[in-house]
1. With only alpha-carbon pairs counted, each pair once and no self-pairs, how large is the Kirkwood hydrodynamic radius of the protein assembly as shown in angstroms?
2. What spacing in nm lies between the two simple spin-label points modelled at A:M149 and A:I196, each 7 Å away from Cα in the Cβ direction?
3. Under a 10 Å cutoff between Cα atoms, tell me which one of A:P199, A:P52, A:P178 has the largest fluctuation in the Gaussian network model of chain A.
4. Could you check the simple spin-label distance between A:A24 and A:I203, using points 7 Å along Cα→Cβ, in nm with one decimal?
5. Using a simple charge model, +1 on the beta-carbon of Lys and Arg, -1 on the beta-carbon of Asp and Glu, nothing else, what dipole does the stretch B:2-91 show about its Cα centre, in debye to the nearest 20?
6. Count the lysine pairs in the protein assembly as shown whose Cα atoms lie under 29 Å apart, taking only pairs 8 or more positions apart in sequence or on different chains.
7. Which of A:Y277, A:Y38 comes first, and how do the rest follow, when ranked by fewest Cβ neighbours within 10 Å?
8. Stretched out fully, how many nm does the piece from B:I69 to B:K2 gain, at 0.36 nm a residue minus the Cα gap?
Amino acid sequence: MTLALAVDIGLAMLILAMAGWTIAVRDTFASVIGFVTYGLLLTLVWVRLAMPDVALTEAAMGGGLTGALLIGGAARLRRTEAAVRTERPGMLTRTLAAVLSATVTAALAICVLNLPDPAPTLAPDAAAKLGSTGVGNPVTAVLLAYRSMDTLLEAIVVLLALFGVWSLAHDRFWGGCPQLRTHADSEGILAYFARILPPIGIIVGVYIFWIGADFPGGKFQGATILAAMWLLVIGAGLAYFPPISQAWLRILLVAGPLVFMVIGFAGIVTAGAVFAYPIGFAKPLILAIEIALMPTLVLALALLVAGAPQRMPPQ
Amino acid sequence: MKIAWDIFTIVAVMAGSFFFLAGTVGLLRFPDPLTRLHALTKADNLGLGLVVLGLLPQTHWPLDTIKLIAIWLFALLAGATVGQLMACTARRGGGPPK
Amino acid sequence: MTMPDFLLSAAAFVLVMVALGLIRILRGPEDVDRMMAAQLFGSGGIAALLLLGVATEAKAVIDVALTLALLAAFASVAFVQGISQPDSDDSDDFKETRGK
């Protein structure tokens, strides 16, 4: 048994154990910590599977936003948790839940076991046509040239999720500011940290975005890093979320998908098909879409973590 | 000269690995949160720091080298911040307010 | 033993070490102890990724480690802030639903 195989088996066991523990543990905070660790393990697994693009996304999402989102949720639910724990669902509910989970697991297992071997792949075709897109990273080519419709819909889904969160706002706070539940000390270590890290973090975020054209990286990973930096500054009490009624905020939020759609539908005239790029213009158009999507994603991801507006802006 | 740098890498990486061993033993064996925190920050600073130091001669100048140094500086900054914040939390009981 | 082999063994060693530290997540006793294990696992993961990335000359792996290192403190900061919320600053929403 080689070392690499031993490490892979160890990682697989560890990830199963961590997943099981995260579900089994009753305390919400402990469970969230388990989930953050699980995300780190997933990052390592994606690297071992030679998928650095996915590993990068998991590192940014799992390490940055998901943890903050879940911890915020756990903090909000804490007061109701004791009451929830004393309630035990009836035997019927639990049996039904168990049967349903077992069925889903079995169906998934059957699907995985019946996958054709070797798996059908479009990878050679994707690599062969890479030259016509002008980008060097096949993942970026798939996301923004071959299957750009999916990417557009993903960006719209993120926006719809944000509208869903906003719709939870109390009527009198509609158009107000979301708030992180912080009690920050502007002289404390956190404020210091939030002053030092974001300038470098912004460079790293833009770098990850920029190399996405030719190497693993891209707008989504870069946007996640930038959103995390913004949340850090706000969490340290050095800045505040803008009111969601601000025109600039709403314009930036829709600008990304809008530019994407305009370029996509312009393809009917310029290249003969929806989401086709005229020959020779693929790279600049892809770049334009990515740059337009960047602020949309940064704002949407950070505001998703922030939750519904909770106060009116000071007059 | 190549040999000398390789030996440097081996020594530094082994020393770094030792601090991860020490960090884990400390985290598992020390009696209270503050002492465990001490073990954790040692692994953060010295373990990762020595590994980075050892890897520097093996990387391509300039981009990879700068990235490696940046990673260590991020880890130092994160370790110092998290160490203080966690120590505060640990002194208050280490869990949600009862 | 060649240099890549040595670096890969070191990566495996560091990974095994910090994975053992995860026992602290099971044992607690407090959430802050669990968070320390997660933090140590993060540092060890970064070190292992760097060793792996340099050994296999995979540049992208170094970028993954860079992202992890940049956000290393993020989850812990959110955790400390979330956990130390005093009960008094209930959001208005919550007070209202409870009052009804």
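1. After inverting the pairwise mean of 1/r, the radius is 24.4 Å.
2. The answer from the label model is 5.0 nm.
3. A:P199
4. Using points 7 Å along Cα→Cβ, the separation is 4.6 nm.
5. The dipole magnitude comes to about 160 debye.
6. Total qualifying Lys-Lys pairs in the protein assembly as shown comes to 15.
7. Ranked by crowding around the Cβ, least crowded first: A:Y38, A:Y277.
8. 22.0 nm is the gain from fully extending B:I69 to B:K2.
Computed from the coordinates by the stated procedures, all read-outs in this text should not be read as laboratory data. Since this is a predicted model, take the numbers as computed values, not measurements. Because the Cβ atoms are built from the backbone with ideal geometry, glycine has one as well, and the counts that use them run over all protein chains shown.
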